[in-house]
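Before any comments, here is the structure.
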Amino acid sequence: MQGEINDIRKVFDSDLRAAKLSGDFDTLYLKYFSKTQGIISLLLKKIPELTIEDRKIFGPEINELQNDLKRVIESARAEYEETVTSDPSIDLTVIEPPYNTGMMHPITQTILEMNKFFRYYGFSIAEGPEIESDEYNFRKLNLPEGHPATDLQDTLFVREPNILLRTHTSSIEARVLTEYEPPLRVVVPGKVYRNETANASNLGFFHQYQGFVVDKNITIQHLKGTLEAFHKFLFGDDIVLRFRYKYYPEVSPGMGVDMQCRFCAGMGCVVCRQKGWIEVLGSGMIHYNTLKMCGIDPEEYTGFAFGMGLDRLAMSKFEINDIRKLYSGEMIYV
Ligand SMILES: [Zn+2]
């Protein structure tokens with residue numbers, strides 16, 4: 001019996017420590033004093049079974065144990081409540097926020113959705129280095145030395161004059177065209193770098209989504225068809241595209257693509273700066289010189305290429321109004 005009493009005191013001490021942390025003194029009380037299952041209640045029921053001598057010894061001792069435990073529980077409870085209610089740093093009205101498991105970045109989600117479309121049409125997905133040589137970033141893309149785009153004002157050099165942070169994903173186009181034989185259908189999602197001052201719509205780096213096709217008898221109609229199908233996939237069947245001539249050194253002819261503003265249906269609003277159209281990408285037929293410099297016979301093969309800004313696309317898809325929010329780690333779009 002004495003051993004049993006000692007054991008109870010030991011177990012109680014550790015139960016009490018746990019209760020002081022959780023504040024759950026009711027469960028602790030019931031464990032020892034519930035009428036049917038309480039440890040002390042059961043012990044009290046054993047008293048009549050003891051011999052008269054033992055009853056004289058253990059009766060008072062069990063009583064004392066019972067009083068001790070009740071007193072300790074009540075004083076611990078009072079102390080706990082005092083601390084919790086008087087400590088201004090503990091706010092009992094705060095609702096615990098829901099457990100957050102995180103999610104894929106809006107840019108990654110946009111890339112995966114776009115990949116889905118292009119994979120269906122037989123495109124491969126390519127990736128490549130962000131630190132690039134001027135050969136792949138400029139020369140093979142028909143941008144000769146001294147071209148304004150190769151200027152220090154626009155390009156971040158790792159080591160002048162020929163190691164730099166790629167300024168467009170076209171560098172991967174040059175790599176693929178150099179290393180592989182046509183027919184080729186490839187898309188390249190990736191990060192690119194420009195020497196820009198950060199503001200709501202520009203950053204020193206951003207994401208591009210580049211695509212190109214090289215095969216026999218590829219015409220600008222294939223390019224227009226691909227872009228139309230792609231924008232319908234992404235924005236719905238009711239979109240209206242406008243194609244116009246635009247100069248890009250790596251393509252000839254170059255074609256700018258605008259989408260009719262979806263907010264004002266072409267009437268003019270703040271989003272489209274009263275123009276009714278929003279420029280969505282640059283494209284064109286791959287330049288004769290580019291194919292030649294990448295080792296592809298331009299007399300036998302032709303191809304088209306297009307490149308679009310992923311950040312703006314993700315921003316309009318997720319209604320994010322400042323490009324810097326994409327890289328701030330803010331979780332409000334989850
Ligand atoms: Zn508009």
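The residues of the chain expose on average 58 square angstrom of accessible surface per residue, using a 1.4 Å probe on protein heavy atoms. Loop-located trypsin sites (Lys or Arg not before Pro) in region 160-217 (DSSP state not H, G, I, E or B) with no more than 10 neighbouring Cβ atoms inside 10 Å: Lys216.
Diffusion coefficient (Stokes-Einstein, Kirkwood radius over C-alpha pairs, 20 °C, 1.002 mPa s) for region 110-187: 156 µm²/s, rounded to a whole number.
Share of carbon and sulfur in the accessible area of the chain stands at 53%, probe radius 1.4 Å. Within the straight-line cut-off of under 20 Å between alpha carbons, the aspartates and glutamates reachable from Lys317 are Glu113, Glu228, Asp237, Asp238, Asp258, Glu279, Glu330, sequence neighbours fewer than 8 places apart in one chain being disregarded. Couplings 3J(HN,Hα) for region 309-318, derived from phi with the Karplus relation 6.51 cos²θ - 1.76 cosθ + 1.60 (θ = phi - 60°), are x, 6, 4, 5, 5, 5, 5, 6, 5, 9 Hz, where x marks Gly and Pro. Computed from point charges on the beta carbon alone (+1 for Lys and Arg, -1 for Asp and Glu), the dipole magnitude for the chain about its Cα centre is near 860 Debye. Annotation for Met1 and Glu160: the two label points, set 7 Å from Cα along the Cα-Cβ direction, are 9.7 nm apart. Note on the chain: the C-alpha convex hull projects to 29.8 nm² when averaged across all orientations. Mean silhouette area of region 2-86, derived from the convex hull of its C-alpha atoms and averaged over all directions, reads 5.5 nm². For the pair Ile57 and Phe205, label points projected 7 Å from Cα toward Cβ lie 7.9 nm apart.
Legend: residue pairs Lys232/Lys292; Lys140/Lys232; Lys224/Lys325; Lys20/Lys56; Lys140/Lys325; Lys140/Lys216, Cα-Cα distance threshold 30 Å; pairs beyond threshold, Lys232/Lys292; Lys140/Lys232; Lys224/Lys325; Lys20/Lys56; Lys140/Lys325.
Expressed in nm to one decimal, what extension gain is obtained for the pair Glu81 and Leu234 from 0.36 nm per residue of sequence separation less their Cα-Cα distance?
Contour length minus the Cα-Cα distance gives 49.3 nm.
Based on C-alpha pairs under 8 angstrom that are at least 6 apart in sequence, region 106-327 has a relative contact order of 22 percent. The stretch between Ser89 and Leu44 holds 11.9 nm of extra length on full extension. This uses 0.36 nm per residue minus the Cα-Cα distance. Here each label is just a point 7 Å from Cα along the line to Cβ, and for Gln274 and Glu181 those points are 5.8 nm apart. Checking every one of the chymotrypsin sites (Phe, Trp or Tyr not before Pro) in region 172-226 against DSSP loop status and a limit of 16 other Cβ atoms within 10 Å picks out Tyr180.
Absence of a disulfide-compatible partner, taken as no other cysteine beta carbon within less than 4.7 angstrom, is noted in the chain for Cys294. Estimated from the Cβ-Cβ distance and a Förster radius of 41 angstrom, the FRET efficiency linking Ala198 and Leu112 is about 0.95. Computing FRET efficiency as 1/(1 + (r/R0)^6) for Val72 and Tyr327, where r is the C-beta to C-beta distance and R0 is 56 Å, gives about 0.50. Once you list every other residue whose beta carbon is under 9 Å from the beta carbon of Asp258, what net charge do they have if Lys and Arg are +1 and Asp and Glu are -1? After counting each charged neighbour, the total is +2.
The values are calculated or read from the model by the stated rules, or taken from the named source; none is laboratory data. Please read these numbers as outputs of a predicted model, since none were measured by experiment. We place every Cβ from the backbone using ideal geometry, glycine too, and count neighbours over all the protein chains shown. Remember, those area values only see protein heavy atoms, side chains included, never the ligands or the DNA or RNA. Shrake-Rupley method; radii C 1.70, N 1.55, O 1.52, S 1.80 Å.
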